[in-house]
1. Does Gly63 satisfy being under 24 Å from Val112 (Cβ atoms) and buried (at least 17 other Cβ atoms within 10 Å of the Cβ)?
2. Do we find a residue being within 23 Å of Glu11 (Cβ to Cβ), in contact with an Asp or Glu (Cβ under 6 Å, 6 or more places away or on another chain) and either of a type outside the set (Gly, Ala, Ser) or modelled with pLDDT under 95 (or both) anywhere in the stretch 94-115?
3. Exactly one condition in (1) surrounded by 17 or more Cβ atoms within 10 Å (Cβ to Cβ); (2) over 13 Å from the mean Cα position of the chain (by Cα) is false for Arg7; which is it?
4. For the stretch 14-38, give me each residue that is part of a loop (DSSP other than H, G, I, E, B) and more than 22 Å from Ala84 (Cα to Cα).
5. If I filter the stretch 51-60 down to residues being hydrophobic (A, V, I, L, M, F, W, C) and buried (at least 21 other Cβ atoms within 10 Å of the Cβ), which single residue comes out as farthest from Leu105 (Cα to Cα)?
6. Any chance you could count how many residues in the stretch 116-126 are open to solvent by less than 30 Å² (accessible area, probe 1.4 Å) and either under 14 Å from Trp76 (Cα atoms) or at pLDDT 95 or above (or both)?
7. Pick out the one residue from Val98, Val77, Val68 that is within 22 Å of Ile21 (Cβ to Cβ), of a type in the set (Val, Ile, Thr) and outside any strand (DSSP E or B).
8. Answer with yes or no whether Arg45 is out of contact with any strand residue (DSSP E or B) (no Cβ under 9 Å at 6 or more places or on another chain) and either under 23 Å from Leu130 (Cβ atoms) or free of Cβ contacts under 8 Å to residues at least 60 places away in the same chain (or both).
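The values are calculated or read from the model by the stated rules, or taken from the named source; none is laboratory data. Bear in mind that the values here come from a model prediction, so they are computed numbers and not experimental data. Because the Cβ atoms are built from the backbone with ideal geometry, glycine has one as well, and the counts that use them run over all protein chains shown. Areas reflect the complete protein model, heavy atoms only, side chains present, ligands, DNA and RNA absent. Shrake-Rupley method; radii C 1.70, N 1.55, O 1.52, S 1.80 Å.
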Amino acid sequence: MAETWHRDEYEISTDPSRLNIDLIHDFLSNNSYWAAGRARDVVERSIENSLPFGIYKGSVQIGFARVVTDYATFAWVADLFVLAEHRERGLSKWLMEVIIAHPQLQGFRRWVLSTKDAHGLYERFGFMKLHRPERWMERPDPNMRESPDYWQ
């Protein structure tokens, strides 16, 4: 069941039917450092298999994030953005407040995310550097069509 939160002229909703997939795809593929070149079908599948959060001003989407989770032990915050013309209004902080407090996202043993430039934002919500990075591994797909900056 979709939920909504309101603050001033803005709204956050988990209703996937409201998402502007064109906007999300364009931002991720063309304007983000972490998902450069991401194909539209990949964006669509990523949303279908996550809990999505859209930020809206009226009926116009102006931001997004998604949480990848098993709803039991683990959550990964991914693809969070606010369009440039709506930044500096506390919307990213509000979005993180909503995500962290969401009733379906409680009691996890671990939350993770990756960021190049927003450490200060996420530290406010208890995120820190990996406690034991030597235990973490990753496997990039050798056929990946995206070009995120961290593989360069």
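1. It is true that Gly63 is under 24 Å from Val112 (Cβ atoms) and buried (at least 17 other Cβ atoms within 10 Å of the Cβ).
2. Checked against the condition, which is being within 23 Å of Glu11 (Cβ to Cβ), in contact with an Asp or Glu (Cβ under 6 Å, 6 or more places away or on another chain) and either of a type outside the set (Gly, Ala, Ser) or modelled with pLDDT under 95 (or both), the stretch 94-115 yields no hits at all.
3. Failing condition for Arg7: (1).
4. Asp15 - this is the single residue of the stretch 14-38 that is part of a loop (DSSP other than H, G, I, E, B) and more than 22 Å from Ala84 (Cα to Cα).
5. Taking the candidates together, the pick is Ile55.
6. Number of matching residues: 1.
7. The match here is Val98.
8. Yes, satisfied.
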